[in-house]
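These notes concern the structure reproduced below.
The values are calculated or read from the model by the stated rules, or taken from the named source; none is laboratory data. Computed from a predicted structure; not experimentally measured. Here the Cβ is made from the backbone with ideal geometry for all residues, glycine too, and neighbour counts use every protein chain on show.
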Amino acid sequence: MSKQKPTLPKGMRDFGPEVMIRRNYIFNIIKATFEKFGYLPLETPAMENLSVLTGTYGEEGDKLLYKVLNSGDFLSKTKQEDIDQGARKLAPKITEKGLKYDLTVPFARYVAMNRHDIAFPFKRYQIQPVWRADRPQRGRYREFYQCDADVVGTKSLICEAEIVLMINEVFEKLGITDYEIKINNRKILTGIAEVINEADKVNDLCIAIDKLDKIGIDKVEEELKNRGFSDKSVTEMRPLLNVKGNNTEKLDALKSNMESSVLGTMGVNEILEVFDIIKIFNANNNNDNHVVFDATLARGLSYYTGCIFEVKVNNVSIGSVSGGGRYDDLTGVFGLADMSGVGFSFGVDRLYDVIEALDLFPKENLISTQVMIVNFDKESALYSMGILKKLRDAGIKSELYPDSAKLKKQMTYANKKAIPFVLLIGANEIATEKLTLKNMHEGSQETLKIEAIISKF
């Protein structure tokens, strides 16, 4: 067998120890925040039946689903005519499963399957990888982790306000200060479609507007016309999407222009109520100044029905790092009707890139081992094992170099792992029970009993 250079598929990545320590730093902050707000952990499989996944993400999302070939002879149920008729005809016969595109739809499937065992409202969080057949680029990968928090079984807008609070808390703990939590409501977009007499094309409107940041307003309007919107309706839409002022002024302007739309007016009122709840929660601080109403925010996924969110960090050329929204009947396709829910997700990979770009990772967080014991010979190694146990029993991250290698090699190992302290235990240290502790950063060293060393940490 010929040798080949090992490679990774595009959009996939390895994570070395240094990166994983940083990723776990982010995961731990997010997880602690979710649990603080009463969310419980959940995991679902990497693969779902395609019948669960297709049709819930809209036409754009369905194109990005990774389909998994049936096991065994996957062509056994096909005929030549199936192949001749192309992928649309062939796919249902050779693939029944797919990698999950997000965590929300599998969550809805779980809720429907376990409805009799769940106490509603049900608050859960998931931290797992998802897969999308997207074009890889900076901040956009084909395999990436999402950190989801959803609550189902309630229509209370307190849940939307708490999403804002959780985002603020996570960003505060990560040291991110300059960001915007954009908020809109799908009912408002429905109201806009009704006002411009295009009520039957709400999904087309959302799909096109969702590309606004990427292609600009002119291209969006061109796409809308290609989707059947009249020139008149596109012209009437412009001022509705381009309202100016602070949050209240923008919402008041929209409300006055959408009096003819019951749903549109309802959407505006829901946003106003969310702002009022945030103010009550934040009576003693100004976290709510990160929330910005944006009438052009659409979120491409078709299952959203109410408030929608998207978070971007300013002055960093990376896309949104969080997003989500309200869905009134996501579980309906699984036979559990009228189960309203709301949730959001952190994109950890983008969040990592943001924190790295802003140099916000704490330096001490990269230290996995706090103390390394040098291995001089068999006698010192045997003695050091007792010292190692005492260090570990005290909760100090420590290790004994496994081989009695040259001192330079062991010190190089400690430096590469950024281990801040090294313990040197030779014959003299064993005899006096006073160990030599070397500070690798300063180059200084002192001789101490093990109890004094433990007290330093």
Checklist line | Near pairs, Cβ below 6 angstrom, 6+ apart or cross-chain, from the range 118-132 (more than 14 Å from Phe344 (Cα to Cα) and touching a residue at least 60 places away in the same chain (Cβ under 8 Å)) to any residue that is surrounded by fewer than 21 Cβ atoms within 10 Å (Cβ to Cβ) and among the hydrophobic types (A, V, I, L, M, F, W, C) | finding: Trp131/Leu99; Arg132/Leu64
Next item on the list: Those residues that are touching a helix residue (DSSP H, G or I) at 6+ places or on another chain (Cβ under 7 Å) and in a helix (DSSP H, G or I), I need them from the range 1-26; list them, please.
Entry: Glu18, Ile21, Arg22, Arg23, Tyr25, Ile26
Next item on the list: Could you list all residues from the range 32-66 that are in contact with a Phe, Trp or Tyr (Cβ under 7 Å, 6 or more places away or on another chain), over 24 Å from Thr305 (Cβ atoms) and crowded, with 18+ Cβ neighbours inside 10 Å?
Entry: Tyr66
Next item on the list: Would you point out which residue out of Asn185, Asn247 is touching a strand residue (DSSP E or B) at 6+ places or on another chain (Cβ under 8 Å), surrounded by fewer than 19 Cβ atoms within 10 Å (Cβ to Cβ), under 22 Å from Ser322 (Cα atoms) and of a type outside the set (Ser, Thr, Tyr)?
Entry: Asn247
Item checked: Matching option when the condition is of a type in the set (Val, Ile, Thr), within 30 Å of Ala91 (Cα to Cα) and over 17 Å from the mean Cα position of the chain (by Cα), among Thr44, Thr56 -> Thr56
Next item on the list: State whether one or more residues within the range 419-433 are among the β-branched types (Val, Ile, Thr), crowded, with 17+ Cβ neighbours inside 10 Å, within 14 Å of Ile373 (Cβ to Cβ) and in contact (Cβ under 8 Å) with a residue 60 or more places away in the chain.
Entry: no
Check: Do we find a residue being among the hydroxyl-bearing types (Ser, Thr, Tyr), in contact with a Leu (Cβ under 6 Å, 6 or more places away or on another chain) and at pLDDT 95 or above anywhere in the range 361-383?
Finding: no
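So if I check each of Glu48, Glu35, Glu18, which one is touching a residue at least 12 places away in the same chain (Cβ under 8 Å), acidic (Asp, Glu) and in contact with a Pro (Cβ under 7 Å, 6 or more places away or on another chain)?
Answer to the check: Glu48.
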Check: Using beta carbons and a limit of 8 Å, which pairs, at least six apart or on different chains, have the first residue in the range 437-457 and more than 20 Å from Ala418 (Cα to Cα) and the second one in a strand (DSSP E or B)?
Finding: Thr447/Leu435; Thr447/Thr436; Thr447/Leu437; Leu448/Leu435; Leu448/Leu437; Lys449/Leu435; Ile450/Leu435
Margin query: Going residue by residue through the range 3-20, is there one that turns out to be at pLDDT below 95, among the charged types (D, E, K, R) and within 20 Å of Pro362 (Cβ to Cβ)?
Written below: yes
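Per-residue answers, yes or no, for (1) over 19 Å from Cys307 (Cα atoms); (2) assigned by TED's automatic domain parsing to the domain that holds Asn185:
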position: Leu330; (1), (2): no, yes
position: Phe334; (1), (2): yes, yes
position: Phe346; (1), (2): no, yes
position: Arg350; (1), (2): yes, yes
position: Asp353; (1), (2): yes, yes
position: Met372; (1), (2): yes, no
position: Asn375; (1), (2): yes, no
position: Lys378; (1), (2): yes, no
Check: So which of Val243, Val202, Val195 ends up being in contact with a helix residue (DSSP H, G or I) (Cβ under 8 Å, 6 or more places away or on another chain) and either free of Cβ contacts under 8 Å to residues at least 40 places away in the same chain or not assigned by TED's automatic domain parsing to the domain that holds Ile318 (or both)?
Finding: Val202
Notebook entry, point to check: Going by the structure shown, is Tyr383 crowded, with 16+ Cβ neighbours inside 10 Å, in contact with an Asp or Glu (Cβ under 9 Å, 6 or more places away or on another chain) and of a type outside the set (A, V, I, L, M)?
Noted result: yes
Next item on the list: Test Phe361 against the stated conditions and say whether it is closer than 30 Å to Asn314 by Cα and either touching a residue at least 24 places away in the same chain (Cβ under 8 Å) or more than 43 Å from the chain's Cα centre (by Cα) (or both).
Entry: yes
Note to self: Tally up the residues in the range 346-366 that are assigned to a helix (DSSP H, G or I) and surrounded by fewer than 16 Cβ atoms within 10 Å (Cβ to Cβ), please.
What the structure shows: 6
Note to self: For the range 222-230, check the following and say yes or no: at least one residue is buried (at least 21 other Cβ atoms within 10 Å of the Cβ), in the same structural domain as Lys250 (by TED's automatic domain parsing) and either within 23 Å of Gly325 (Cα to Cα) or basic (Lys, Arg) (or both).
What the structure shows: no
Checklist line | Selection within the range 425-455 - closer than 20 Å to Gly395 by Cα, of a type in the set (Gly, Ala, Ser) and over 42 Å from the mean Cα position of the chain (by Cα) | finding: Ala452
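Would you check if Ala46 is under 13 Å from Gly98 (Cα atoms) and at pLDDT 95 or above?
yes
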Next item on the list: For Ile454, work out the one condition from (1) surrounded by 11 or more Cβ atoms within 10 Å (Cβ to Cβ); (2) more than 21 Å from Ile367 (Cα to Cα); (3) β-branched (Val, Ile, Thr) it doesn't fulfil.
Entry: (2)
Next item on the list: For the range 210-224, name all the residues that are among the basic types (Lys, Arg) and in a helix (DSSP H, G or I).
Entry: Lys214, Lys219
Notebook entry, point to check: So which strands (runs of 3 or more DSSP E) stay within the range 62-143 end to end and still have 2 or more residues that are closer than 29 Å to Tyr352 by Cα and at pLDDT below 85?
Noted result: none
Notebook entry, point to check: Restricting the search to the range 134-161, which residues are surrounded by 14 or more Cβ atoms within 10 Å (Cβ to Cβ) and touching a Leu at 6+ places or on another chain (Cβ under 6 Å)?
Noted result: Gln146, Asp148
Notebook entry, point to check: Where in the range 147-209 are there helices (runs of 4 or more DSSP H), lying fully within it, with 3 or more residues that are farther than 30 Å from Lys225 by Cβ?
Noted result: 158-174
